[in-house]
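S.K.: There's a structure below that I have some questions on.
The values are calculated or read from the model by the stated rules, or taken from the named source; none is laboratory data. On a predicted model such as this, the values are computed, not experimentally measured, just so you know. Cβ placement follows ideal geometry from the backbone for every residue including glycine, while neighbour counts extend to all protein chains displayed. Each accessible area value is taken on the protein alone, full model and side chains, heavy atoms only, with ligands, DNA and RNA left out. Shrake-Rupley method; radii C 1.70, N 1.55, O 1.52, S 1.80 Å.
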Amino acid sequence: MHWLIAILSCDSPPNTISPWPKETATLLEHCRDEAVSELQTICWIQAAAQSVRTDQKTQAFEICKQLDAPIWQRECHFRLGEELSIAGNWEEGLYWCSQSGSFAQSCITHSFWRGPFRDTPSVDADATLIKNELQHLQTTIETTLKQLPQELVRQSVDNIQAQFVHSLIVGSGQTRVDLAHESGELGAWFRTVYGIEAARIMSKKQQGEPSDIVEAWRKKQNIYGSSDRQHAFKGRYRHTRISKRERNSERVLSFAGSSRIYANDPEQDMYIAALEGFFWVESTSKSVFQPYTSHPVAEIRWTAERIVSGFEKR
């Protein structure tokens with residue numbers, strides 16, 4: 001249902017109706033006077049979202065509360081969660097996403113991948129500080145979402161922590177090879193962004209390929225280049241659909257709520273992350289990936305084949 005609201009209420013109702021008023025008080029008057037009940041409901045939800053943008057949160061909560069149908073209340077909560085999270089009030093945003101019923105996971109994913117996570121440490125902060133911040137995120141998310149199903153809480157933790165790591169590294173102008181050598185999911189997340197940032201930097205210099213990223217990682221070398229935080233979330237997004245042959249492989253969450261294959265061998269995993277990193281860079285051609293479609297390691301080969309296949313379907 002939230003997709004319908006996105007179409008009808010992204011600051012404008014249908015083309016046959018005048019645009020929503022930009023001033024909140026005027027919009028509220030418009031909603032009260034709206035004669036068509038469906039449009040009035042959409043108008044109230046837009047007013048709630050607009051109230052949050054102007055820091056009138058109590059008013060926004062009351063608007064959602066007065067909606068009659070539970071499904072519209074959940075849709076309204078979705079919009080509150082989204083607006084609060086995008087504005088940097090992520091704990092409040094999470095709470096309202098949790099109140100959006102069946103929309104909760106979509107609300108969380110959509111809210112947290114719209115832009116960089118705010119208030120991350122410096123990219124060269126001590127590794128212990130970064131790990132502590134990730135642990136704090138996990139604790140806060142689990143506490144805020146405790147009433148949701150455990151599997152949904154786990155997905156949300158992974159999603160938001162992966163987004164935090166992306167915000168920390170991508171566009172910074174440097175990688176964190178120390179963290180990309182960590183074990184478990186932490187190392188996998190940082191290998192993902194090591195691959196993306198290294199590919200971004202190399203592409204700017206018009207040099208390098210996936211094996212060069214793996215070689216630098218193997219030698220425990222950071223890769224440096226110019227920063228570009230403005231476009232840190234601009235890249236090719238992998239479709240969330242998973243092919244049949246990949247379904248039994250282990251996976252790790254990557255950008256935008258998608259996932260990539262995870263290999264237990266860290267160097268093989270770095271190859272996968274490097275391929276995904278160059279895929280993220282929109283200027284990368286198919287020829288970069290083709291040599292890896294005959295790689296002896298199945299997970300690396302599948303990743304390359306899926307990427308090449310995507311080019312062929314364009």
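S.K.: Mind giving me the nanometre distance, one decimal, between the label points for SER183 and GLU91, set 7 Å out from Cα along Cα→Cβ?
M.R.: Spacing of the two 7 Å Cα→Cβ label points: 3.2 nm.
S.K.: Can I ask one more? Distance in nm between label sites at ARG241 and SER37, each 7 Å beyond Cα in the beta-carbon direction?
M.R.: Between ARG241 and SER37, the simple spin-label model gives 3.9 nm.
S.K.: Additional query: Distance between Cα centroids, region 190-204 to region 222-262: provide it in whole Å.
M.R.: Rounded to whole Å, the Cα centres lie 11 Å apart.
S.K.: Here's another thing I want to ask about it. Quick check: pseudo-label points 7 Å beyond the Cα along Cα→Cβ at GLU282 and ASP68, how many nm apart are they?
M.R.: 4.5 nm
S.K.: Can you work out the FRET efficiency for the pair SER211 and ALA125, with r the C-beta to C-beta distance and R0 = 35 Å, to the nearest 0.05? Can you show the working numbers first?
M.R.: Values: r = 29 Å, r/R0 = 0.84.
My answer for the efficiency is 0.75.
S.K.: Right, next: Which three extents, in whole angstrom, do the alpha-carbon atoms of region 211-250 cover along their principal axes, largest first?
M.R.: Computed over region 211-250, the largest-to-smallest principal extents equal 38, 30, 14 Å.
S.K.: So how exposed is ILE201, as accessible area in Å² (1.4 Å probe, rounded to 10)?
M.R.: Surface open to solvent at ILE201 totals about 10 Å².
S.K.: Determine how large the accessible area of THR144 is when every protein chain is in place; take a 1.4 Å probe and give Å² rounded to the nearest 10.
M.R.: Probe radius 1.4 Å; accessible area of THR144 about 30 Å².
S.K.: Starting from the Kirkwood radius over alpha-carbon pairs of region 92-150, derive D by Stokes-Einstein at 4 °C in a medium of 1.567 mPa s and give it in µm² s⁻¹.
M.R.: Details: Rh = 12.8 Å.
For the chosen part, D equals 101 µm²/s.
S.K.: Taking DSSP loops as anything outside H, G, I, E and B, show the longest stretch in the chain free of GluC sites (Glu not before Pro) there with at most 13 other beta carbons within 10 Å.
M.R.: 24-249
S.K.: Can you compute log10 of I(q)/I(0) for the chain with the Debye formula, treating each Cα as one identical point scatterer, at q = 0.10, 0.13, 0.14 Å⁻¹?
M.R.: The calculated log intensity ratios at q = 0.10, 0.13, 0.14 Å⁻¹ are -0.63, -0.95, -1.04.
S.K.: Give LYS220/LYS244; LYS234/LYS286; LYS205/LYS244; LYS65/LYS234; LYS219/LYS244; LYS244/LYS286 a once-over and call out the pairs whose C-alpha atoms are over 27 Å from each other.
M.R.: Values: LYS220/LYS244 35 Å; LYS234/LYS286 19 Å; LYS205/LYS244 37 Å; LYS65/LYS234 36 Å; LYS219/LYS244 35 Å; LYS244/LYS286 23 Å.
The pairs that break the limit, which is 27 Å between Cα atoms, are LYS220/LYS244; LYS205/LYS244; LYS65/LYS234; LYS219/LYS244.
S.K.: How much of the accessible area of region 53-130, probe 1.4 Å, is carbon plus sulfur, in whole percent? Kindly include the intermediate steps, with their values, before the conclusion.
M.R.: Numbers: 1770 of 3690 Å².
Carbon and sulfur atoms account for 48 percent of the accessible area of region 53-130.
S.K.: Could I ask something else about it? Which three extents, in angstrom, do the Cα atoms of region 177-284 have along their principal axes, listed largest first?
M.R.: Computed over the Cα atoms, the extents are 38, 28, 20 Å.
S.K.: Okay, next question. For every helix of n ≥ 4 consecutive DSSP H residues, a contribution of -39,500 (n - 2.57) applies; sum these over the chain, divide by its total residues, and give [θ] at 222 nm rounded to the nearest 500 deg cm²/dmol.
M.R.: Working: 14 runs with 181 residues, N = 314.
The helix-only estimate for the chain comes to -18000 deg cm²/dmol at 222 nm.
S.K.: Tell me, what is the per residue accessible area of the chain in Å², probe radius 1.4 Å? Please list the in-between numbers first.
M.R.: Numbers: 14790 Å² over 314 residues.
The answer is 47 Å² per residue.
S.K.: How much of the accessible area of region 211-314, probe 1.4 Å, is carbon plus sulfur, in whole percent?
M.R.: Numbers: 2540 of 5430 Å².
On region 211-314, the fraction of accessible area on carbon and sulfur atoms equals 47 percent.
S.K.: Looking at the calculated P(r) for region 236-281, what percent of the C-alpha pair distances fall above 11 Å?
M.R.: Numbers: 701 of 1035 pairs.
Here the long-distance tail beyond 11 Å is 68 percent of all Cα pairs in region 236-281.
S.K.: Can I ask one more? Taking all protein chains together and a probe of 1.4 Å, list LYS65, LYS131 from the most accessible to the least accessible. Can you show the working numbers first?
M.R.: Details: LYS65 140, LYS131 80 Å².
Correct descending sequence by accessible area is LYS65, LYS131.
S.K.: For region 29-100, what percent of Cα pairs sit more than 22 Å apart? Write out the running numbers ahead of the final one.
M.R.: Values: 386 of 2556 pairs.
Pairs farther apart than 22 Å: 15 percent.
S.K.: Which loop chymotrypsin sites (Phe, Trp or Tyr not before Pro) in region 144-249, with loop taken from DSSP, have no more than 16 other Cβ atoms within 10 angstrom of their Cβ?
M.R.: TYR237
S.K.: For LYS22, which lysines qualify as cross-link partners when the Cα separation must be under 21 Å and same-chain residues fewer than eight apart are set aside?
M.R.: LYS22 reaches LYS57.
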